[in-house]
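All remarks here apply to the structure that follows.
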Amino acid sequence: MSYKWADELVPPGSVREDLHLWTVKRRIRYWCFRLRGEAEGGNKAKGRPRGLKPYYEKQEWFDGWENFAATWDVEDDDPFTTRPRWESVHEEWERTLEEELRANKIRTRKNLRKQAASGSEGQL
């Protein structure tokens, strides 16, 4: 499926074929975030591809630009389609950080136990 405004985002042949869809998604999300900022009273999203804004406003899960990445987003494998978001990008990021922190605590605890077992706990 090809959209003229999408070809403006990532001209055909401008990136490796295996990176094309990923690059399209990244650039679509960039403009969606810019449109969200505009909707929240920030700078105008000047320079966006013509057709992008009305295209997403007609999508099933679209419920306002201010809700992008909070209640709706673009599909991972088809960035031309919207999907609901069950947690915002901020909530998702917090969860990721908590999981990483938990994993780091476990690694640290294991390392401390190894050091204690080897008798090197005094060198901490």
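When each of 10, 24 is tested for being under 19 Å from the mean Cα position of the chain (by Cα), over 20 Å from residue 89 (Cβ atoms) and of a type in the set (A, V, I, L, M), the lone residue that passes is 10. Those helices (runs of 4 or more DSSP H) of the stretch 1-75 in which 1 or more residues are free of Cβ contacts under 8 Å to residues at least 40 places away in the same chain and buried (at least 17 other Cβ atoms within 10 Å of the Cβ) occupy 17-39, 52-57.
Residues that are at pLDDT 95 or above and of a type outside the set (D, E, K, R) were ranked within the stretch 82-107; the one that is nearest to residue 28 (Cα to Cα) is 82.
The values are calculated or read from the model by the stated rules, or taken from the named source; none is laboratory data. Since this is a predicted model, take the numbers as computed values, not measurements. Every residue, glycine as well, gets a Cβ built from its backbone with ideal geometry; the counts of neighbours run over all protein chains shown.
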